[in-house]
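Worksheet: one structure, shown below.
The values are calculated or read from the model by the stated rules, or taken from the named source; none is laboratory data. Here the structure is a predicted model, which means the values were calculated and not measured. FYI the Cβ positions are ideal-geometry reconstructions off the backbone, even for glycines, and counts take in every protein chain you see. What goes into the accessible areas is simple: the full protein's heavy atoms, side chains included, and nothing from ligands, DNA or RNA. Shrake-Rupley method; radii C 1.70, N 1.55, O 1.52, S 1.80 Å.
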Amino acid sequence: MIAALPPLIPKFSALAPDYDLLLSDVWGVIHNGIAVYPHACDALMRMRARGGVVILITNAPRPSEVVSRQLERLHVPRATYDAIVSSGDVTRSVIEQRRGQSLYHLGPERDRSIFRGLDVHFAPSETADYVVCSGLEDDESETPDDYRARLESMLARKLFMVCGNPDVVVERGSTLVYCAGAIADLYATMGGEVLYAGKPYRPIYEMALAKAESAAGRKFALSRVLAVGDSVRTDLKGARTMGLDFLFVTSGIHAEELGSREQPDSAALTATFTAAGGMPKAVMRELKW
């Protein structure tokens with residue numbers, strides 16, 4: 001039985017006293033890849049000012065320090081967060097566990113920072129021991145289907161794939177572009193073995209909770225942890241997997257299917273959450289104190 005749709009709340013300050021830790025998505029909540037959302041940064045800074053801890057949890061296929069530099073370029077104040085955990089961090093831990101094996105990198109050159117400082121031997125897909133997929137090589141013009149022939153060749157060799165970004169699409173300005181998750185999903189439907197390094201899977205949340213405990217010097221009751229995000233596929237599902245309350249932001253990747261960025265349709269919201277298997281704790285158009 002799916003619960004009733006929670007109300008669209010105007011201010012995060014009404015929820016803040018119920019939580020000690022926020023695990024906030026980045027792309028779609030704090031920025032859209034091009035422009036920062038000042039209200040969201042303000043809300044997170046106010047949460048920290050009242051004693052809360054904020055960990056940014058992102059499916060970016062890059063190490064957290066690289067994500068931090070990107071946020072700096074977008075003028076996200078450093079006071080917005082205590083720490084960052086990325087799917088790139090989880091991917092690096094998998095690579096370290098496979099030390100001595102060769103890998104084929106499927107993704108753009110800009111994602112090569114994921115391998116920096118690791119003892120990595122690169123090889124073509126014809127001879128590599130496994131694959132790390134961080135995205136499409138040209139996400140502005142390609143679709144996952146452009147990779148089908150390459151994936152069939154990899155499948156013939158039964159290559160294991162690490163997906164460095166489980167997102168299927170992400171906003172870049174007002175445009176949706178495909179991510180590594182779209183390629184990984186295609187490979188999985190073809191019969192390939194895939195490990196998804198980020199949300200909605202447990203490893204990235206466990207790493208985030210560990211960073212939060214390190215930053216605060218104490219443990220957090222899961223009942224006092226709130227996840228924030230704009231994706232039902234990764235953010236909502238991940239929160240449910242971990243038993244966390246979830247705040248859904250409507251102005252992200254689902255905005256158009258929900259009817260409007262300014263005023264989402266309640267029937268569309270209900271249908272989206274019902275299809276996802278559960279309701280969030282609360283819904284906001286944008287994260288705003």
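Segment residue 193..residue 45, full-extension length gain: 49.2 nm, with 0.36 nm per residue of separation and the alpha-carbon distance subtracted. Which whole-number value in Å² is the accessible area per residue of region 4-86, probe 1.4 Å? Result: 39 Å² per residue. As a size descriptor, the averaged projected area of the C-alpha convex hull of the chain was calculated at 14.8 nm².
Between residue 266 and residue 218, the modelled label-to-label distance comes to 3.9 nm, taking each label 7 Å out from Cα in the direction of the beta carbon.
In terms of overall dimensions, region 1-108 has a Cα radius of gyration and Dmax of 16.9, 52 angstrom.
Taken along the Cα-to-beta-carbon direction at a fixed 7 Å, the label points for residue 142 and residue 122 span 1.4 nm.
With the gyration tensor restricted to C-alpha atoms of region 129-184, the semi-axes of the equivalent ellipsoid amount to 22, 12, 7 Å, longest first.
Compute the length gained on full extension between residue 174 and residue 72: take 0.36 nm times their separation in residues and subtract their Cα-Cα distance, giving the result in nm to one decimal. Result: 34.6 nm gained on full extension. Take each peptide in 88-99, 22-33, 174-185, 225-236, count the other Cβ atoms within 10 Å of every residue, and average; sorted highest first, the result is 225-236, 22-33, 174-185, 88-99. Rolling a 1.4 Å probe over the protein heavy atoms of the chain, with every protein chain left in place, gives an accessible area that is 50 percent carbon and sulfur.
In this structure, the amide hydrogen of residue 28, modeled 1.01 Å from its nitrogen in the peptide plane, lies closer than 5 angstrom to those of 33, counting only residues at least 5 positions away or on a different chain. What the phi angles of region 148-157 give under the Karplus curve with 6.51, -1.76 and 1.60, with θ = phi - 60°, is a coupling list of 4, 4, 5, 5, 5, 5, 5, 5, 4, 8 Hz, glycine and proline written as x.
Amide H contacts of residue 196 (H built 1.01 Å from N, in plane; Pro and chain starts excluded): 163 sit under 5 Å, all sequence-distant by 5 or more or on other chains.
With helices as the sole contributors, the chain gives -8500 deg cm²/dmol at 222 nm; each DSSP H run of n ≥ 4 counts as -39500 (n - 2.57), and the sum is divided by every residue. Here region 55-139 yields Rg over Rh of 1.02, to two decimals, using C-alpha coordinates and the Kirkwood radius. To make sure I understand the rule: partners must be lysines, Cα under 19 Å from the Cα of residue 237, and not fewer than 8 residues away in the same chain. Which ones qualify? Qualifying lysines at Cα under 19 Å: 199, 281. Of the beta bridges in the chain, as assigned by DSSP with both residues counted there, near 15 percent are antiparallel.
The 3J(HN,Hα) values that the Karplus relation (6.51, -1.76, 1.60; θ = phi - 60°) gives for region 41-54 are, in residue order, 4, 4, 5, 5, 5, 5, 4, 5, 5, 8, x, x, 10, 10 Hz. Gly and Pro appear as x.
Within straight-line reach of residue 288, meaning a Cα separation under 21 Å, sit the following lysines at least 8 residues removed in sequence or on another chain: 11.
Take the Cα of residue 149, step 7 Å toward its Cβ, do the same at residue 275, and the gap between the two points is 3.3 nm.
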